[in-house]
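Asks: Please read through the structure below; I'll follow up with questions.
The values are calculated or read from the model by the stated rules, or taken from the named source; none is laboratory data. Since the structure is predicted, the reported quantities are computational estimates derived from the model, not experimental observations. Reconstructed Cβ throughout: ideal geometry from the backbone, glycine too, with neighbour counts over all protein chains shown. Areas reflect the complete protein model, heavy atoms only, side chains present, ligands, DNA and RNA absent. Shrake-Rupley method; radii C 1.70, N 1.55, O 1.52, S 1.80 Å.
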Amino acid sequence: MFKLLRALIPRARRKTGDRIIFASVNAIAPATVIIDGVAPFPVAKHLSRHYGLPIMDWSAVESWMNGIQSPERRRTARVDCERAWLLHFRSALGHDYRLAESEGAMLLSSLERHLADVTLGYVDRTRRRIVQVLEGIAQIPPLGKDLVIAFDDPGTYYRYVSYYYPKGGEFAFSGGMQISIGCSHFVTVKRDLRTIEPVIAHEMTHGCVAHLPLPPWLNEGLAVNTEHRLAGSNLSRFTPQELREKHRAFWGKEEVQQFWSGDSFDRTDDGTLLSYDLARIMVEEMAKHWEEFKRFVLAANRADGGALAAQRHLGVDLGDYVCALLEESPSPGWAPDSRLWKTERDG
């Protein structure tokens, strides 16, 4: 990984004006965050510990920020709270860790300075590229920065992420993940830093379209296709023919309603894989006519699975469309029907 990063350094030149700020090794984690016009936020009071690592009460941060009217001051307040939390995190992890910060991201790690620069450069470029790739659809979230924590060892990594899993539950081994509870942030192990790149591209895409009430399948389809385009992570353990056979064997009227509602993305069988793949295929095909597709995305609504917007802007019935992709004869029951949905899932 480090050889790769070093190889990228000559090509990872930053735009003029971009700069990385490294917190002083002697910087003290603040007990409060101070913003003019409101009472200071008592950071230390709202920190709990999990295996000695700080967990911020972000609902308390949001409540405090509700008293700040200016959008610019709200952004400053959010970033100051994020920075304060990571400084407390640095204190818990030890003196080998450094906090590095760019215009749009923060990185807590023990990486050498030039490698931290490259890593932050990747995050910043990815954000800009998402907005370019999804021109007219994506926008940079107004509050906060993208946060990355790269742990030195797997043990500390798994102890930290265990906080976000049910007690007694099991979770798969991974090289990195995005944690969306409270304050969205990316975590990984330093030696596996490159494995987090597809996760960053995927989840940052979700963040850049969060202002739209997208159906889950459309939200995931945009994220998967953008991830593949930016991080090149389109490898599958199945051949195209194997996936085709799995799709044809799996999907029926009941399963496709789970797809439209978003429930199929949370299944514990092959339905999850097939849901992401079907969403990828649908978005990939629809996006070949970009202007029409863009109007569809901007009008799509999770309440009806995007059905009305598809008819108006793409001229298609989503039931007939998915039947064609799955090589099924069109028939009633395949189009989105919210009366049959058990839950309403955010994208």
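Asks: What whole-number value in Å² describes the accessible area per residue of the chain for a 1.4 Å probe?
Replies: Working: 17300 Å² over 347 residues.
Value for the chain: 50 Å² per residue.
Asks: Assigning unit charges at the beta carbon (Lys, Arg +1; Asp, Glu -1) and nothing else, what dipole magnitude in debye, to the nearest 20, does region 78-138 show about its Cα centre? Walk me through the intermediate numbers first.
Replies: Working: 9 positive and 9 negative charges, 17 e Å.
Value, rounded to 20: 80 debye.
Asks: Which order do 217, 64 take when ranked by solvent-accessible area (1.4 Å probe, heavy atoms of all protein chains), largest first? All intermediate terms of the calculation are to be shown ahead of the outcome.
Replies: Values: 217 0, 64 35 Å².
So the residues, ranked largest to smallest area, are 64, 217.
Asks: What is the Rg over Rh value, at two decimals, for region 188-340, using alpha-carbon atoms and the Kirkwood definition of Rh? Don't skip to the end; give the middle numbers.
Replies: Values: Rg = 15.5 Å, Rh = 16.0 Å.
Looking at region 188-340, the ratio lands at 0.97.
Asks: Of 76, 272, 126, which has the most accessible area and how do the rest follow, probe 1.4 Å? Could the numbers behind the result be given before it?
Replies: Details: 76 60, 272 35, 126 5 Å².
Sorted descending by solvent-accessible area, the residues read 76, 272, 126.
Asks: What's the magnitude of the charge dipole for the chain around its Cα centre, counting Lys and Arg as +1 and Asp and Glu as -1 at the beta-carbon? Answer in Debye, nearest 20.
Replies: Working: 43 positive and 44 negative charges, 282 e Å.
Dipole magnitude for the chain comes out near 1360 debye.
Asks: Another question, if that's okay. Can you pull the percent of the chain's accessible area that's carbon plus sulfur, 1.4 Å probe, other chains left in place?
Replies: Details: 8820 of 17300 Å².
Here it works out to 51 percent.
Asks: If the viscosity is 0.890 mPa s and the temperature 25 °C, what translational diffusion coefficient in µm²/s does Stokes-Einstein give for the chain when Rh comes from Kirkwood over Cα pairs? Could you put the intermediate results ahead of the total?
Replies: Values: Rh = 22.0 Å.
Reported coefficient: 112 µm²/s.
Asks: Ok, one more. Can you send over the solvent-accessible area of residue 153, 1.4 Å probe, protein chains only, in Å² to the nearest 10?
Replies: Surface accessible to solvent at residue 153 totals approximately 60 Å².
Asks: Among 143, 207, 318, pick out the residue whose Cα is farthest towards the positive end of the charge dipole of the chain, where Lys and Arg carry +1 and Asp and Glu carry -1 on C-beta, about the Cα centre.
Replies: Positive-most Cα among the choices belongs to 143.
Asks: With both partners inside the chain, how many of the DSSP beta bridges are antiparallel, as a percent to the nearest 5? Please report the intermediate quantities before stating the final value.
Replies: Details: 16 of 24 bridges.
So the antiparallel bridges amount to about 65 percent of the total.
Asks: Calculate the dipole size of region 39-127 relative to its Cα centre from +1 charges on Lys and Arg beta carbons and -1 charges on Asp and Glu beta carbons; express the result in debye to the nearest 20. List each step's numbers first, then the result.
Replies: On the way: 12 positive and 11 negative charges, 32 e Å.
Once rounded to the nearest 20, the dipole reads 160 debye.
Asks: Then there is this: For the charge dipole of the chain, defined by +1 on Lys and Arg C-beta atoms and -1 on Asp and Glu C-beta atoms about the Cα centroid, which residue among 279, 79, 219 has the Cα displaced farthest towards the positive pole?
Replies: So the residue we want is 79.
Asks: Here's something else I'd like to know. As a test of reading the structure, rank 236, 275 by solvent-accessible area (1.4 Å probe, protein chains only), most first. It would help to have the intermediate numbers written out before the result.
Replies: On the way: 236 65, 275 0 Å².
Ranked list, largest accessible area first: 236, 275.
Asks: Could you tell me which residue out of 44, 289, 95 lies farthest along the dipole of the chain toward its positive end? Charges go on the beta carbon: Lys and Arg +1, Asp and Glu -1, centred on the Cα centre.
Replies: Toward the positive end, the furthest listed residue is 95.
Asks: While we're looking at this one, here's another question. Need one value: the accessible area of residue 36 in square angstrom, 1.4 angstrom probe, rounded to the nearest 10.
Replies: Spelled out: residue 36, probe radius 1.4 Å, area about 120 Å².
Asks: Among 225, 66, 301, which one shows the highest mean-square fluctuation when the chain is modelled as a Gaussian network with alpha-carbon springs under 10 Å?
Replies: Its mean-square fluctuation being the largest, the pick is 66.
Asks: Suppose only helical runs count, i.e. DSSP H with n ≥ 4. What mean residue ellipticity at 222 nm does that imply for the chain under -39500 (n - 2.57) per run, divided by all residues and rounded to the nearest 500 deg cm²/dmol?
Replies: Values: 12 runs with 151 residues, N = 347.
Result for the chain: -13500 deg cm²/dmol, rounded to the nearest 500.
Asks: Also: Can you say what percent of the DSSP beta bridges in region 95-171, counting only those with both residues inside, are antiparallel? Round to 5.
Replies: Working: 4 of 8 bridges.
Here the antiparallel bridges make up roughly 50 percent for region 95-171.
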